[in-house]
Amino acid sequence: MTMSIRSILVAGLLIATTAVPTLALDRRVKIVNNTGYTMTEFYGSNKGTDSWEEDILGADVLPSGSSVMINFNDSSGYCKFDFKAVFEDGDELVRQNVNVCELGTFTYN
């Protein structure tokens, strides 16, 4: 009986130690705007959703030559996000499957 309890505890410990790194991954990404146009909206939605969610910039804008640090940790556990940037001239740039757990900077040129 003691052996099976020990086995369960060891199995639980192994699961916990392999799950923690996924939850602890850094999902902060610096978004850089080098387009020559002001970014008026920015969306980042995890691959598990079918909507763009809310505009992350809100009432703010991101002028060309500027950057902003965004934390994409939405408690979903996802690392892959789709990005959508909207600029003052009406252009929209969409990038799919951006791995925010591996990327430190994402630049719009």
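Read the figures in this text as sums done on the coordinates, not as results from a lab. Given the structure is predicted, the values throughout are model-derived calculations rather than measurements. Positions of Cβ are backbone-derived with ideal geometry, glycine not excepted, and every protein chain shown enters the neighbour counts.
Averaged over residues, the count of other Cβ atoms within 10 Å places the peptides 50-61, 30-41 in the sequence 30-41, 50-61, highest first.
The HN-Hα couplings worked out from phi for region 83-89 by the Karplus form 6.51 cos²θ - 1.76 cosθ + 1.60 (θ = phi - 60°) are 10, 9, 10, 10, 10, 4, 8 Hz, whole numbers, x standing for Gly and Pro.
Under the criterion of Cα pairs below 8 Å and six or more residues apart, the relative contact order for region 36-99 equals 40 percent. Taking 0.36 nm per residue of separation and subtracting the current Cα-Cα distance, fully stretching the chain between ASP89 and ARG28 would add 19.2 nm.
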